[in-house]
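Notes follow once the structure below has been shown.
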Amino acid sequence: MAKINVDGKEVDVPADFTLLQACEAAGAEIPRFCYHERLSIAGNCRMCLVELKGSPKPVASCAWGVRDCRPGPNGEPPTVLTTSPMVKKAREGVMEFLLINHPLDCPICDQGGECDLQDQAMGYGHAKFHRFEENKRAVTDKNMGPLVKTVMTRCIHCTRCVRFMAEVAGADQIGATGRGEDMEITTYLENAISSEMSANIVDLCPVGALTSKPYAFNARPWELTKTESVDVMDAVGSAIRVDARGAEVMRVLPRVNDEINEEWISDKTRHAVDGLRRQRLDTPYVRKDGKLKPATWSEAFAAIAAKVKATKPERMAAIAGDLVSAEPIKALNDLMLSLGVANLECRQDGSKVGGGPRQGYLFNSTIRGIDDADVLLLVGTNPRWEAAIVNARIRKAWLRNDLKVFRLGPPADLPYQVTDLGNYAADLAGIATKGPAFDALKGAKRPMLIVGQGALSRPDGAAILAACAEIARNTGMIGPSGEGGWNGFNVLHTAAARVGALDLGFLPQKGGRDMDGILEGTSKGEIDFVYLLGADEFDTAKLGKAFVVYQGTHGDAGAHRADVILPGAAYTEQNGTYVNTEGRVQLAKRATFPPGGAREDWAILRALSGVLGKKLPYDDMGALRAAMIKAAPTFGTPDRPAVHPGADAAIWTSIGAKGTIAKSAFEYPIRDFYLTNPIARASATMAECSHEFVKPRVAAAAE
């Protein structure tokens, strides 16, 4: 620690702190434009100038280290002044320079009300007219794709966007051309930004040069109701803020959560929200004479009750989808079990996880734990599309810790160096005992393995899972040899609802069928009734002639096949509990109300249970959550990662199942990052992104 005097207040700070950090630790506010805590230091805006005793001129506090400060003549701590006349004059001069070419767009600027330049001009500028008589320069706007709108005349060259794309997103697609007054920030060859994290530069821009193109001129910040929630576009569980005006969600922004997403979110998380108001189901439907026709809730429930009464339990099944919260999954599980139904399934993709120890289907290292890893093996996963936030964490570890990454799977464009081990699952057996990957993992202090759904959703997925657990055991990732209780065995899920459903046991009961068995049964006429709870991510044509009830939000695949439709609420329209891929229990809060006659999912199932004569034993959310905690105690400890050091070797030998691994190649489960669920498929913005970034790539690969 080092002592430093800030505005007469002496504080102890780490010696590697910058003056800016030391000043803020002492309670002084330092304005800045180019500096950002999660980006490298640029030192080019000069707004953070402070007076350092002994220095003939102000110094940039973001680029000056505490250890570089000289002590006083008698050995006293270095003295920094943040409000002296020198500092005030320097900041006024910097602000004057910044405003030379900045247009007076505040009344019409889409960033008005959330603009750092606007705020700091009021706080640190001066009221006099500036002394420059020359005409303001003008800069042509750039095409950065369907998500980022540009007004580059406003740009002050802070380079936050350049550094974010190069350092965090790993896509060197933005840079500066020219010098001095001719300097411009632009994309290379004026191409659209193709990163899945690109829209974060809108949050980083302090002046309104980069704003959200889909959100432009839709609302002002003071008109919006802000609700803290969690993302469901993948299984990461990013912390988000849902901004709504009336009954309409206007935008989604990131919240800071260092344990998961830091302060970034993926473009799909941010911009798929326009899908919440398109293709919505807002009234029940019943199929009559081959056509779906609007009906009342009583008519829909009566149609379901008549079919259930005429169907034996062994000829019934229920499938839970990827976006539903844990509460309706628990309600549907209890309802089906009360009817004697054993064919329950939450793994639409046929993944062979669950049914064993909890650490066998979790991201045990935790997402933050990626920062500490030194060797990583990817098995059948493309984290760039399956979990963009996890991918950014891997890049961060690769940049800072020299993380070595091995991959067993198809080629994929990842923003870090990868050593390919081929694309055949059968090679896993060899990796468990020898080879460069085994040696690197064995010699690492914190080795890590990530197995994805592309590997686990195959027919031999259980054998692959067992082989991955064997690699983890043999290389010291888990068990007594794990350093400090380190557990490097990780399953990366792609569905927000998956871990919660596995925790609640929404799986085939004794004698029940799994996903493949259910579809085989419906195709052969052995299953006559299927309840789909937001389930759309499978081939609904395989449901054959079964009577299908679809409870969901959008007119997607499940609704097209349904005989009865029950309109439910989206994740922004009801309170709900989700469990992310690392086993962290998180609460999503209601920001708006569901449209028309749609109702909360758990309430629909509670009402249906009464009609079926199997009334569920809870009348409110509190009682339902108490039942969830009783069934799975982990629901009683929200916002904590599920850490399973796993010293018991017997647990790890029970993960997966012994079997032969086929000599076939892996395939990644996500073919289009932007169109992975009903909300995203209903989004015009996501459709535009898919057309811009994915379809040209697919066409090029086919040639």
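The values are calculated or read from the model by the stated rules, or taken from the named source; none is laboratory data. Everything numeric in this text was worked out from a predicted model, so none of it was measured. Every residue, glycine among them, receives a Cβ derived from its backbone with ideal geometry; neighbour counts consider all protein chains shown. Accessible surface is based on the protein model in full, side chains and every heavy atom, while ligands, DNA and RNA are left aside. Shrake-Rupley method; radii C 1.70, N 1.55, O 1.52, S 1.80 Å.
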Dipole-positive endmost among G558, T572, N343 within the chain (Cβ charges, Cα centre): N343
Accessible surface of M250 - all protein chains present, 1.4 Å probe, nearest 10 Å²: 20
The stretch 3-77-the stretch 138-191 distance, computed between alpha-carbon centres (Å): 29
Of A121, V232, H36, farthest towards positive along the dipole that unit charges on Lys, Arg, Asp, Glu beta carbons give the chain: V232
Apportionment of accessible area to carbon and sulfur, the chain, percent (1.4 Å): 52
Rough spin-label spacing in nm, given labels placed 7 Å along Cα→Cβ, for L612 and R640: 3.4
Length-normalised contact order for the stretch 301-353 - Cα pairs under 8 Å, 6+ apart - percent: 47
Integer Hz, Karplus 6.51/-1.76/1.60 couplings in order for the stretch 455-462, x for Gly and Pro: 8, 8, 8, 6, x, 9, x, 5
Chain lengthening between E76 and T225 when straightened (0.36 nm per residue, less Cα-Cα): 48.6 nm
The stretch 492-550, accessible area per residue, ligands and nucleic acids excluded (1.4 Å, Å²): 33
The stretch 174-311 - convex hull of alpha carbons, volume per residue in Å³: 210
Pairwise label distance in nanometres, F132 with K658, each label 7 Å out on the Cα-Cβ vector: 7.6
Principal-axis tilt of helix 515-524 within the chain, Cα atoms, nearest 10 degrees: 40
Inverse mean reciprocal Cα-Cα distance (Kirkwood Rh) of the stretch 530-570, Å: 9.9
Size-normalised alpha-carbon gyration radius of the stretch 144-248, reference 2.2 N^0.38 Å: 1.20
In Å², nearest 10: area of L276 left accessible to a 1.4 Å probe: 10
Helix-only CD estimate at 222 nm, as mean residue ellipticity for the chain, using -39500 (n - 2.57) per DSSP H run (n ≥ 4): -7000 deg cm²/dmol
Per residue, in Å², the accessible surface of the stretch 379-484 once ligands and nucleic acids are set aside, probe 1.4 Å: 36
Dipole-positive endmost among I304, A166, L99 within the chain (Cβ charges, Cα centre): I304
Interchain or long-range residues, amide H under 5 Å from M250's placed H: D243, A244, R245
D (Stokes-Einstein, µm²/s), Kirkwood Cα radius, the stretch 280-335, 1.567 mPa s at 4 °C: 97
P(r) weight above 23 Å for the stretch 379-536, C-alpha pairs, percent: 47
13 Å Cα-Cα reach of K434 towards aspartates and glutamates, excluding residues that sit fewer than 8 places from it in its own chain: E470
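Based on DSSP, what percent of beta bridges with both residues in the chain are antiparallel, to the nearest 5?
Working: 43 of 79 bridges.
So the antiparallel bridges amount to about 55 percent of the total.
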Calculated SAXS-style log₁₀ I(q)/I(0) at q = 0.14, 0.17, 0.22 Å⁻¹ - the stretch 335-471, Debye, Cα scatterers: -0.65, -0.93, -1.52
Distant alpha-carbon pairs in the stretch 474-536 (separation over 17 angstrom), percent: 63
Lysines whose Cα lies under 23 Å from that of K396, excluding same-chain neighbours fewer than 8 positions away: K268, K404, K442, K445
Ratio of the Cα radius of gyration of the stretch 244-385 to 2.2 N^0.38 Å, where N counts its residues: 1.45
R0 of 22 Å, Cβ-Cβ distance A15-E92: FRET efficiency to nearest 0.05: 0.10
Globularity index of the stretch 419-483, i.e. its alpha-carbon radius of gyration over 2.2 N^0.38 Å: 1.09
For the stretch 312-329 versus the stretch 522-596, the gap between their alpha-carbon centres in whole angstrom: 8
Where the stretch 1-79 is the region considered: accessible area per residue in Å², 1.4 Å probe: 50
Helix 85-98 axis, angle to the chain major axis (alpha carbon atoms, nearest 10°): 60
Nearest-0.05 FRET efficiency for H560 and E299, computed from C-beta distance (R0 25 Å): 0.80
Shape metrics for the stretch 61-210, restricted to C-alpha atoms - Rg then Dmax, Å: 18.4, 60
Ratio of Rg to Rh over the stretch 1-54 (Cα coordinates, Kirkwood Rh, two decimals): 0.95
Distance histogram in 10 Å bins (all Cα pairs of the stretch 131-190, percent per bin): 20, 53, 20, 6, 0
Proximal lysine pairs, the stretch 1-141, alpha carbons under 28 Å, eight or more residues apart or interchain: 18
Amide H within-cut-off set for K149, under 5 Å, with H built and near neighbours excluded: T211, S212, K213
Computed FRET value (nearest 0.05) for R278 with D516, which takes r as the C-beta separation and R₀ as 35 Å: 0.60
Length released on extending from E190 to R67, taking residue separation times 0.36 nm less the Cα-Cα span: 40.0 nm
Gain upon complete extension [I629, H691; 0.36 nm per residue less C-alpha separation]: 17.9 nm
Student exercise, the chain dipole from Lys, Arg, Asp, Glu Cβ charges, in Debye to nearest 20: 1000
Computed accessible area, E688, all protein chains, 1.4 angstrom probe, square angstrom: 100
